[in-house]
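Any read-out appearing in this document is the output of simple, stated calculations on the displayed coordinates, not a laboratory observation. In this text the structure is predicted, and so the values were computed from the model without any measurement. Positions of Cβ are generated from backbone atoms using ideal geometry, with glycine treated the same way; all protein chains shown enter the neighbour counts.
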Ligand SMILES: *Cc1c(COP(=O)(O)O)cnc(C)c1O
């Protein structure tokens, strides 16, 4: 194994490093978030084509030992669709075991934690990350406690509880839930998908898949909803590894779509600077991206800018229109994912994306967990 095929924790602010032989979720020196040192990517001959999950890229997914449980995460279809007359590719990440793209990150993070001796975890989530953690914890035999906003969709809470997680509903905002989890983080390993960097080691595989499914080419741009940024960072890390490995010539432009009612990234982007900007967050139908104070703001913003992409903030009515349009093309996704549809419409209408470009849209979460909310949003109240 070459050095780049082993992961080391690194504090991006101080440059200090720590071995991944023991689990960490924050930097021991300054208490901020940590990353993994860069990976080396892969070439087509590194792929195990017999493996029908993202573990086909095992050579580039750094985990001490082979995964104990995969539950088949990843290797989701990249489906052609016509959006307002323009051909695009829909990456159907809502088709994973727990019903969202979060399985990419969870599958790596929980296999890693088990391999380094963690037997019990604490997570906080607005829904899908908790559902994904509960799924992998159940399959791996890890005790799992999840703090959720009391207002989180019942279907997601039931999904977690059915798989044996201890689900604690917390009153207040998404940030209040994170604070409640932090208060318990000294008693139970805090397997926060927003902090623990092995989560990003998993989300980066979406870039490898899009590249392989396009015939080993990068698209011109990628569009995804943005909450904390694990999906955006995953795209950036994965495509950057492919660039470093000489497999693509340029990074695809990343378009990160926020709900206008809760758009801390877009506010910071528009300010032209790199610092967080205080926002007045309002409730949004896109509950999966309602993060007012994201952990990795500077890093995610820098990733978007490096690719010549942009953030966008879309209002509630456009999110619902995006959701409806997706459904009518056969993609039954949750309202949060409707934001990606809304972003795609705006980017095409404004000419920022040209009709002849190769566009990949990441469809992040299944509509089956949000049926009642979708019914209300689309006026389907007779059923
Ligand atoms: C978590 C989630 C997002 C946002 O992902 P981030 O990594 O927090 O930016 C988007 N869509 C769905 C369905 C999600 O569950």
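Miscellaneous remarks
- The slack in the chain from residue 13 to residue 188, taken as 0.36 nm per residue of separation less the alpha-carbon distance, amounts to 60.4 nm.
- Its convex hull of Cα atoms gives region 102-190 a direction-averaged projected area, equal to a quarter of the hull surface, of 5.0 nm².
- Per-residue [θ]222 nm for the chain (sum of -39500 (n - 2.57) over DSSP H runs n ≥ 4, rounded to 500): -10000 deg cm²/dmol
- Region 295-327 and region 20-86 have their alpha-carbon centroids 22 Å apart.
- If the segment from residue 329 to residue 21 were pulled out straight at 0.36 nm per residue, it would be longer than the present Cα-Cα gap by 106.3 nm.
- Comparing mean-square fluctuations of 149, 219, 28 from a GNM of the chain with C-alpha springs under 10 Å, the top value falls on 28.
- If R0 is 30 Å, the Cβ-Cβ spacing of residue 270 and residue 37 corresponds to a FRET efficiency of close to 0.40.
- Here the extension length gained between residue 220 and residue 116 equals 33.6 nm, from 0.36 nm per residue of separation less the Cα-Cα distance.
- Antiparallel DSSP beta bridges within the chain, percent to nearest 5: 35
- At R0 = 22 Å, FRET efficiency that the Cβ-Cβ distance of residue 168 and residue 372 yields, to 0.05: 0.45
- Equivalent ellipsoid, the chain (semi-axes from 5 times Cα gyration tensor eigenvalues, Å): 28, 25, 21
- Taking the chain as a Gaussian network of alpha-carbon nodes connected by springs under 10 Å, the highest mean-square fluctuation of the residues 254, 223, 142 belongs to 142.
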